[in-house]
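The values are calculated or read from the model by the stated rules, or taken from the named source; none is laboratory data. The structure displayed is predicted, hence computed values, not measured ones. Heads up, the Cβs are rebuilt from the backbone with ideal geometry, glycines too, and the neighbour counts pull from every protein chain shown.
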Amino acid sequence: MSQRSIIPFGPQHPVFPEPIQLRLVLEDEKVVEALPAIGYVHRGLEKLAEQKDFLQDVYLIERICGICSFMHAMNYCQGIEQLLGLPVPDRARYLRVIWAEIHRMHSHLLFLGLLADSFGYENLFMQCMRCREDIVQVMEMTAGNRILLTTCCIGGVRKDIPANLIDQIHLALNRVCARLSPTTTRSRNA
Amino acid sequence: MSALLHTTPVTSENLLHEVALLKQQGCRLITLTCLDTGNGHDVLYHFARKYDMIHLRKHVPTGQPLISISTLFGCAMIVENEIKDHFGVPVDGLTLDFQGRLVLTEDAPRAPMNKPCGMDIDARVPGAATAPAGAPAPAPVSVKAVPTSAAAAVPPPASGTKGGAA
C-alpha cells in the first residue's frame, strides 16, 4: 500500500519568477496531484484605492503594473474625467498619446525579449533590450523617469514636452527602427 | 460618450440568454467587475466586439447566488471565483469551483473587499453618465461617517497637487 503525503512547494522558491504554492500530493515518490494556491501576489490595491482620494489614487493605480504603468494611470484619469465632466486641454491629450505610444513600444519590446529568453533565444532577448533602451531613454528625457512616468493627472498632464526634444525623439525612434528591422527579419528567418 | 450609458441591466432569468447572444455575435469577454452596493452586489460583465464595448449589469441581492457564465465563456471561471473570494457572493454553476480559495488563503479574512459593516453606502453615481460638461459633479460614493471606525478619526488627506495641468 502506497503512502500519501503532501509537500508544499513554494510560495517562495528559486525556480519561481512569482510566488505561488503548489501542494504536491505524493503517493510514495510519485506526484499524483498538484494543487495551486495563486493568491500570494494579490495585493488588495482595490481596497487601498477606496481609502484614498482621486488624486492619490493616480499614483497607486500607476503602480498596478510596472510595464504598462502609464496606460493604467491614463485610463484611470480618463474615467474620473468622464465621471466629473472635466475638460482636458488638447495639448495634454496629444502628450498622453505620445507617452502612451512610447510606453507601448517599450512594453512590447520587453515582452518579445522575455518571450525569447524564456525559450532560450538569448540573442533576440539582447537585441530587444538594446532597442528598448533607446525607448526608455526617451521616457527619461521627456518625463524624468525611465518606467513610472507619473506624468498623467486628472484634468491633464503634469509635464510638457518642449519642442527642442522633438529632434532627439525622432533620432531615437529612427535608431530603434534601424536596429529592430534586421533583428525581426533574422528572427523570423525571412 | 460615457460607457455607463451602454450598461444593460439583466436579471437572473435572462443573464445566460443575453451572454449567449453576445457570444453568437462574436463578442469576447474582457472581464467581470463587482461592487458592494450595500443591499447586495452589482456585477458588471464587460464584452468587446472589435472596438466596441458592451456592458451588462446584474444586481445580486444579499444572500442570493450569482449564476456563472463559465459554461459559455470558460475564462469567466477565474474572475467568478475571485468575486466569490473577495465579496462572498455565492456563484452557482461554476465549471471549476475553488471553494473561496482561489486567491485567499485559509487564514485570510472572509470577503475582504466588501464595505465595512455599519456604513450606509450608495455606491451608484446618479446622473453622472448624463451630466453635461461643466455641471457640478455628483458625489461619486456617498458614505456616511462611521463614528466607531478608526478611519473616522483620521483627518482626510490633502487633495491639493503641486504643479498645474498642461
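Look through A:Leu180, A:Leu171, A:Leu148 and report the one residue that is within 14 Å of A:Met105 (Cα to Cα) and not charged (D, E, K, R).
On the way: A:Leu171 fails: within 14 Å of A:Met105 (Cα to Cα); A:Leu148 fails: within 14 Å of A:Met105 (Cα to Cα).
The unique qualifying residue is A:Leu180.
Consider the range A:45-80. How many of its residues are in contact (Cβ under 8 Å) with a residue 60 or more places away in the chain, facing chain B (nearest Cβ under 10 Å) and of a type in the set (D, E, K, R)?
0
Applying the selection to the range A:86-109, what residues are over 15 Å from A:Cys153 (Cα atoms) and either facing chain B (nearest Cβ under 10 Å) or buried (at least 18 other Cβ atoms within 10 Å of the Cβ) (or both)?
Of everything in the range A:86-109, those that are over 15 Å from A:Cys153 (Cα atoms) and either facing chain B (nearest Cβ under 10 Å) or buried (at least 18 other Cβ atoms within 10 Å of the Cβ) (or both) turn out to be A:Ile102, A:His103, A:Met105, A:His106, A:Ser107, A:Leu109.
Quick one: which helices (runs of 4 or more DSSP H) sit completely within the range A:10-85 and have at least 3 residues that are of a type in the set (S, T, N, Q)?
A:69-84
Within the range A:1-30, work out how many residues are closer than 20 Å to B:Leu104 by Cα, exposed (fewer than 11 other Cβ atoms within 10 Å of the Cβ) and either touching a helix residue (DSSP H, G or I) at 6+ places or on another chain (Cβ under 8 Å) or of a type in the set (D, E, K, R) (or both).
Matching residues across the range A:1-30 total 1.
Here is a yes/no grid of residues against (1) modelled with pLDDT under 55; (2) in contact with a Lys or Arg (Cβ under 9 Å, 6 or more places away or on another chain); (3) in a loop (DSSP other than H, G, I, E, B):
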position	(1), (2), (3)
B:Gln64	no, no, yes
B:Glu82	no, no, no
B:Val89	no, no, yes
B:Leu104	no, yes, yes
B:Pro109	no, no, yes
B:Ala131	yes, no, yes
B:Ala135	yes, no, yes
B:Pro147	yes, no, yes
B:Gly160	yes, no, yes
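Any residue in the range A:138-148 that is farther than 25 Å from A:Cys65 by Cα and at pLDDT below 95? Steps first, please.
Initial filter on the range A:138-148 (farther than 25 Å from A:Cys65 by Cα): none.
No.
Restricting attention to the range A:154-190, which residues are in contact (Cβ under 8 Å) with a residue 24 or more places away in the chain and of a type in the set (Asp, Glu)?
Matches in the range A:154-190: A:Asp160 only.
Identify the residue in the range B:1-55 that is of a type in the set (Ser, Thr, Tyr), in a strand (DSSP E or B) and away from chain A (no Cβ under 14 Å) and, among all such residues, is surrounded by the most Cβ atoms within 10 Å (Cβ to Cβ). Outline the logic, then answer.
Here is the first cut: in the range B:1-55, the residues of a type in the set (Ser, Thr, Tyr) are B:2, B:7-8, B:11-12, B:31, B:33, B:37, B:45, B:51.
Narrowing the set further to residues that are in a strand (DSSP E or B) leaves B:7-8, B:31, B:33, B:45.
With the extra rule that they be away from chain A (no Cβ under 14 Å), the set shrinks to B:8, B:45.
On the way: B:Thr8: 11, B:Tyr45: 26.
Restricting to residues being of a type in the set (Ser, Thr, Tyr), in a strand (DSSP E or B) and away from chain A (no Cβ under 14 Å), the top hit is B:Tyr45.
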